[in-house]
Amino acid sequence: MDVIEALMQAGFTKHESILYVTLCREGELTGYEASKLTGISRSNAYLGLAGLSDKGGAYKINGETLKYAPVDSNELAENIKRKFNKVIKVIEEEIPQVNKSKDTFITINGDEQIINKIKNLINYAQYRIYISISREHLDYVIEELKSAQKRGLKVVIITSEGVQFEGMTCYKSQMNYGSIRLITDSANVFTGQLSGENSTGLFSMNNNLVDLIKDSLKNEIKLIDNKII
């Protein structure tokens with residue numbers, strides 16, 4: 001993700017994002033000057049600057065010719081944080097909780113969605129975490145695992161290379177690239193494969209699947225302890 005994409009994620013249009021970066025680089029500009037520098041048509045440049053100002057990304061400087069100056073990037077970041085904190089608060093407090101069924105099997109596709117689900121399962125865990133994950137992908141969730149360990153949770157990692165992390169039990173085992181199995185609190189299970197566009201996984205609270213994956217991980221640990229794998 002580059003800065004233009006980040007600004008668009010924060011609620012600015014593509015033109016507004018380009019114009020904001022240009023203002024930061026060049027300083028105060030008229031609509032005409034901004035159009036010349038960015039290649040955006042003059043009418044769209046004026047509309048973009050007006051929108052940028054309305055959304056808190058630029059100040060209007062009145063004079064013989066209207067100019068625009070950028071809001072300091074640190075100030076803009078704080079404004080965006082406050083905006084999204086309000087949005088998050090409403091989502092957390094006012095949206096009804098999902099009626100979860102233990103027998104539901106949920107398919108999750110895409111690297112980002114899968115990693116987010118794994119991180120959330122780790123962050124919501126209260127007692128113990130068992131995870132089998134290839135070394136190449138362990139870095140995506142290691143900070144969440146470290147945080148869980150600091151909260152006093154039991155954390156067991158099975159991965160494809162020898163690693164050591166304070167307070168965690170780590171095992172080295174052969175595994176397929178991108179393979180993931182995760183059990184949290186003996187109640188939640190995720191199993192899947194990270195492979196770019198074709199990444200897919202399965203999440204469930206189904207007791208039979210939880211027990212199946214839990215037994216699989218326990219048996220793998222026994223084989224490692226006996227130096228069979």
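Quick note: the coordinates plus some simple rules give every number you see, no bench work behind them. What you are looking at is a predicted structure, and each value in this text was computed from that prediction instead of being measured. For neighbour counting, all protein chains shown are included, and Cβ atoms are generated from backbone atoms with ideal geometry for every residue, glycine included.
Things worth noting here:
- Distant alpha-carbon pairs in the chain (separation over 30 angstrom), percent: 47 percent
- Cut-off 14 Å, label 7 Å out along Cα→Cβ of Ser53, residues of segment 71-86 by amide N: 71
- Couplings for segment 47-54, taken from phi via the Karplus curve 6.51 cos²θ - 1.76 cosθ + 1.60 with θ = phi - 60°, read 5, x, 5, 5, x, 4, 5, 4 Hz in order; Gly and Pro are left as x.
- Helix 73-94 and the longest principal axis of the C-alpha atoms of the chain enclose an angle of approximately 50°.
- Difference of contour (0.36 nm per residue) and Cα-Cα distance, Tyr124 to Glu93: 9.4 nm
- Lys/Arg +1, Asp/Glu -1 at C-beta; the chain dipole; positive extreme among Ile114, Met1, Ser147: Ser147
- Dipole moment magnitude, nearest 20 debye, the chain about Cα centre, only Lys, Arg, Asp, Glu C-beta charged: 560 debye
- Under the convention that each Lys and Arg Cβ holds +1 and each Asp and Glu Cβ holds -1, the size of the dipole of segment 3-92 around its Cα centre is about 240 debye.
- Among the GluC sites (Glu not before Pro) within segment 60-131, those in coil by DSSP and having at most 15 neighbouring Cβ atoms inside 10 Å are Glu64.
- Gain on full extension, evaluated as 0.36 nm per residue between Glu78 and Lys146 minus their Cα-Cα distance, stands at 21.7 nm.
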